[in-house]
Amino acid sequence: MDDSQLLKGILEGCILSIISRNETYGYEILSELDKNGFSNLLEGTLYPILSRLENKGCITCRKIKSPFGPIRKYYSITQEGELTLESFLENYEKVTKSAQQILFEDKKGDLSNA
Amino acid sequence: MLESYVLYKKKLEGQYLETFDKIELYSITRSLDINTHEELMMDLIDVFLTAQKNGKSVKNIVGNDVGSFCRNFCSGIGLKNQIKGFADSFKRITWLILIFCIIDLFSLFEGVSYFEIQSNIMPILAGGLIGIILSFVFGAIFKTLMFRFKKINMKIYSIGLFICVIIFTGSFIFATNKLSINVFNWEIILASGVYLIAYYILRKVYFQKLMKPQKIRFSDMVIEEIQKSWHKIITNKNKRLLKKGKEPLTSLEFTKSMQKKHRFDEWIVLVGWSIFIAIYLGFGIKVGLESKLFDTVMFMIIVGVVYIPIAFFIRSSTRSIIWQKKTLDICVQEKIDIFTYIENKKIETENNDFVEVAGD
């Protein structure tokens, strides 16, 4: 079963959540995702997601010269982004609750029979 | 101050440099708009430099499959960017068509009426079609092979492109000699002119966000290039003087000599513009003496449609020339050499720039 679509759906919400905590940049977002188990699943998906979020108006960016020299984009969440994140969290809770009930129902049944 | 990511590539090492080169090459094969390409690469190089400094493996950033990373990385490019890239390529072809049509206008001096002049568009059509097919096929093949074989790099891509250019040129020459589709010159000029005007208006209105940031001034763009070329001139001049056993020029002496050399620049620009306008009026007078008023007016409008984009192009070049002359005049007046003036300008620009310096 292809899990990539499932991951892509969740990633956008996770990235928005990371940005909502404080102003951050690409490498920091990658590190945070890596720390939480999303390492080898990324493969370039971060940048299209950031681009999409910016186009939707969920995040803004400002450009600052990084200590290494290149221009670095710092992202922060907008009001629109806050609303989108809120809506994502609500839907995520609903979906995971329902999915858990279906996916783990058989296991619960086995445990009670045992 | 305008900067390219290329300035920072030399800081990358080993696997980071190798991987970055692959991604850069992939981005180039996508024929993106130059600003989009610069922005993508600038984002990536910062991540690579940070990860390199923190001792992380490049696989932590791009994963195990660089090809997959590239496809995902470039998939964020919106339709607007792709349309702009295509429109930019088509603009260049249109300029080429216009130049050929203008050359055909010299038939006017052989007594041919303007509205009877025809141009053979077969070479452009055949060449253009073959060029598009070639670049598509070459790009598709190259993008597949570049991740299968490690040795495929920018050199090989350049050789491949060169071969495509030879095939394109060969088909162009063949089409010129063997085939012809003649169309009225005024129809081609009108269509090309309409496209170019539409392109420049759309670029201003629709692609505004994709353009360079407006806070970067024109003078800042030319500073870097002029500084490099003047450094070269003074270095070569001083080498020659030393060979002859003479004293090398100081920077201030060099500035004064450049100011003398450029003192007639404004006049040259004025004469250039006068000739440019005179040719336009000359065509008008020639056609006016031989044709009815309506034909003359139509002709002037059609040629005017060509002249406006050419005028924009000439204006950009002349702005650089005028800026150089004014800068040299200021330097001589304030008794400061040009290199010190440029360094001061750079510092002033950085201080006023919208780009801040990160604290960490």
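The values are calculated or read from the model by the stated rules, or taken from the named source; none is laboratory data. Bear in mind that the values here come from a model prediction, so they are computed numbers and not experimental data. We place every Cβ from the backbone using ideal geometry, glycine too, and count neighbours over all the protein chains shown. Just so you know, the surface numbers come from the protein's heavy atoms only, side chains and all, with ligands and any DNA or RNA stripped out. Shrake-Rupley method; radii C 1.70, N 1.55, O 1.52, S 1.80 Å.
Filtering segment B:47-59 to residues that are part of a helix (DSSP H, G or I) and open to solvent by 60 Å² or more (accessible area, probe 1.4 Å) leaves B:53, B:59. One residue stands out among those in segment B:5-31 that are open to solvent by less than 30 Å² (accessible area, probe 1.4 Å) and not in a helix (DSSP H, G or I): the one that is farthest from the other protein chains (Cβ to nearest Cβ), which is B:12.
Could you list, in sequence order, the residues of segment B:185-225 that are among the aromatic types (Phe, Trp, Tyr), exposed (fewer than 15 other Cβ atoms within 10 Å of the Cβ) and modelled with pLDDT of 55 or more?
First, pick out the residues of segment B:185-225 that are among the aromatic types (Phe, Trp, Tyr): B:186, B:195, B:199-200, B:206-207, B:218.
Those still in the list that are exposed (fewer than 15 other Cβ atoms within 10 Å of the Cβ) too: B:200, B:206, B:218.
Once the filter is applied, which keeps residues that are among the aromatic types (Phe, Trp, Tyr), exposed (fewer than 15 other Cβ atoms within 10 Å of the Cβ) and modelled with pLDDT of 55 or more, segment B:185-225 yields B:200, B:206.
Listed conditions (1) surrounded by 12 or more Cβ atoms within 10 Å (Cβ to Cβ); (2) over 17 Å from residue B:95 (Cα atoms); (3) touching an Asp or Glu at 6+ places or on another chain (Cβ under 9 Å) are all met by residue B:143, apart from (3).
Here is the figure for segment B:313-324: residues that are closer than 18 Å to residue B:274 by Cβ and touching a helix residue (DSSP H, G or I) at 6+ places or on another chain (Cβ under 7 Å) total 5. Mind listing whichever residues of segment B:294-347 are in a helix (DSSP H, G or I) and in contact with a Cys (Cβ under 7 Å, 6 or more places away or on another chain)? Hits for segment B:294-347 are B:338, B:341.
So residue B:44 clears everything in (1) part of a helix (DSSP H, G or I); (2) at pLDDT below 85 except one condition, right? Which one? Of (1) part of a helix (DSSP H, G or I); (2) at pLDDT below 85, only one is false for residue B:44: (2).
Report yes if residue B:349 is at pLDDT below 85, among the hydroxyl-bearing types (Ser, Thr, Tyr) and farther than 29 Å from residue B:184 by Cα, otherwise no.
Working: at pLDDT below 85: yes; among the hydroxyl-bearing types (Ser, Thr, Tyr): yes; farther than 29 Å from residue B:184 by Cα: yes.
Judged against the criteria, residue B:349 is a match.
Looking across segment B:279-309, just one residue is open to solvent by 90 Å² or more (accessible area, probe 1.4 Å) and within 15 Å of residue B:185 (Cβ to Cβ), and that is B:301. Scanning segment A:62-77 for residues that are surrounded by 18 or more Cβ atoms within 10 Å (Cβ to Cβ) and either more than 7 Å from every other protein chain (Cβ to nearest Cβ) or under 17 Å from the mean Cα position of the chain (by Cα) (or both) yields a count of 3. Residue B:114 meets each of the listed conditions (1) touching a strand residue (DSSP E or B) at 6+ places or on another chain (Cβ under 8 Å); (2) at pLDDT below 80 apart from (1).
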